[in-house]
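I have placed the structure first, in the form of structure tokens, so that the comments after it can refer back to it.
The values are calculated or read from the model by the stated rules, or taken from the named source; none is laboratory data. Everything quoted here is computed from the prediction, not taken from an experiment. Ideal geometry is used to build each Cβ from the backbone, glycine not excepted, and the neighbour counts take in all protein chains shown. Protein only, heavy atoms only, side chains kept; ligands, DNA and RNA dropped before computing areas. Shrake-Rupley method; radii C 1.70, N 1.55, O 1.52, S 1.80 Å.
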Amino acid sequence: MKHRKISRRPALAAPLAVAAVSAFAFGVAAAAPSTAATPTVSTVGTTAAALPTVDMARVLAAAQVEPRCGQRSGLSDNTSTIRVQSALKAKGIATTADGWYGNGTTSSYTTWQRRLGYSGIDANGLPGPTSLTKLGVNRFTVTHKVTAGSTTDSYGGKRVNTRTKNMLQAADNLLPRWNFSLSQGSYNPGGVGASAGTHDGGGVVDISVSGLSETQRWQQVKALRTVGFAAWLRTPSQGFSYHIHAVAIADPDIWQKDGGHIARDQVCDYYIGKNGLASHAADNTPTSYRMPFTWWERYKGL
């Protein structure tokens, strides 16, 4: 707002009292000088208490290991899982807030996703960034977000999501002498019967090892595990032609069309040193090619 400049005429030779009356009569207040300090208005308000946080990556890892393997205190910060469970309870969805992301919590989270209007792969019981953020409104903030990205990305001509593509490229870069070649991608419901639905959703790939030596095959398994895949070399003795089967740990799009959870439960098998097959036999990977359990976001320090 602009202020008009008020022109003041020379003071008239009149008593001060009369001048004051005249000034008020024309709507101009003659302010007397003041030595009082001008009061200041404090701009410091009361800061609202910060909301607690939920580590999405850790919750997803727990959601893929714990339904079959039971509660693993060393895997997730159970506080994050409890906050998710408590928020579900607050929404009127029956949930036990005990820090164990078991089948009960998976079912409860599916109910939440369906309430938001999701179905199919988007109601798989695994927290996605949007559904988890909405669940946390006024309750918690989401840290270490996991995003699948585009579900129509590709690697070597096979369909994968962006997160899986980035993971494959990182693993590929660890072995510069040859390139990874996918024999089956993701989002391929019913594509290969022997895969038992594990490739229906995102995060799961098969990798050809054709032309590679035994050592190179195991090096490839190690590289994939390094960046956050649960990966195994499949062999003829297991009933397969040689190839590597890999599941991107903590991928929010792991899903099975028929309602099963084979790919999800393979992450549990990997966590406890099993082979990810129906036999749940010991992992056949030589010790020198094994890596600590991790996921992409942890590997990248995100």
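Please list TYR242, TYR289, TYR109, TYR155 from largest to smallest accessible area, probe radius 1.4 Å, with all protein chains kept in place.
Result of the area sort, largest leading: TYR242, TYR289, TYR155, TYR109.
Starting from the Cα gyration tensor of the range 133-204, take the square roots of the eigenvalues, sort them a ≥ b ≥ c, and report rounded, prolate or oblate (rounded when a/c is under 1.5, otherwise prolate if a/b is larger than b/c, else oblate).
The shape class here is oblate.
Could you tell me whether the range 196-260 comes out rounded, prolate or oblate from its Cα gyration tensor? Rule is a ≥ b ≥ c as square roots of the eigenvalues, rounded for a/c under 1.5, then prolate if a/b exceeds b/c, otherwise oblate.
It is oblate, given that a/c is not under 1.5 and a/b is not larger than b/c.
I'd like the distance between the alpha-carbon centres of the range 192-225 and the range 257-302, rounded to an integer number of Å.
So the separation of the two Cα centres works out to 12 Å.
Whose amide H sits under 5 Å from the amide H of TRP255, counting only residues 5 or more places off or on another chain, with H placed in the peptide plane?
Long-range HN contacts for TRP255: GLY201, GLY202.
Using the crude model of +1 on Lys and Arg Cβ and -1 on Asp and Glu Cβ, and no other charge, please compute the dipole size for the range 185-280 relative to its Cα centre, in debye to 20.
The calculation lands at about 260 debye.
Would you mind classifying the range 113-159 by shape? Square roots of the alpha carbon gyration tensor eigenvalues, ordered a ≥ b ≥ c; an a/c under 1.5 is rounded, otherwise it is prolate if a/b is larger than b/c and oblate if not.
Verdict is oblate for the range 113-159.
Under the Karplus relation 6.51 cos²θ - 1.76 cosθ + 1.60, θ = phi - 60°, what is the ordered set of whole-Hz ³J(HN,Hα) values for the range 55-60, x standing for Gly and Pro?
7, 4, 4, 5, 5, 5
Using θ = phi - 60° and the Karplus relation 6.51 cos²θ - 1.76 cosθ + 1.60, list the HN-Hα couplings for the range 154-160 in order, rounded to whole Hz, with x at every Gly or Pro.
8, 9, x, x, 10, 6, 8
List the trypsin sites (Lys or Arg not before Pro) within the range 155-218 that DSSP assigns to loop and that have no more than 11 neighbouring Cβ atoms inside 10 Å.
ARG177
Which whole-number value in Å² is the accessible area per residue of the range 242-295, probe 1.4 Å?
Per residue, the range 242-295 has 40 Å² of solvent-accessible surface.
Roll a 1.4 Å probe over the protein chains and send me the accessible area per residue for the range 129-209 in Å².
Here the residues of the range 129-209 average 43 Å² of exposed surface.
Return the carbon/sulfur percentage of the accessible area of the range 187-248, one whole number, probe 1.4 Å, all protein chains in place.
So the carbon and sulfur contribution to the accessible surface is 48 percent.
If you rank SER288, SER154 by how much accessible surface each has, with a 1.4 Å probe, what is the order from largest down?
Reading off the accessible areas and sorting them downward yields SER288, SER154.
Let me cross-check HIS243: its accessible surface, 1.4 Å probe, with only protein heavy atoms counted, in Å² to the nearest 10?
Near enough 30 Å² of accessible area.
Long-range amide H contacts for TYR155: which residues qualify at under 5 Å (H placed 1.01 Å from N, peptide plane, sequence gap of 5 or more or a different chain)?
Correct list: VAL160.
What are the residues whose amide H is under 5 Å from the amide H of ASP283, where those residues sit 5 or more places off or on another chain and H is modelled from the backbone?
LYS274, ASN275
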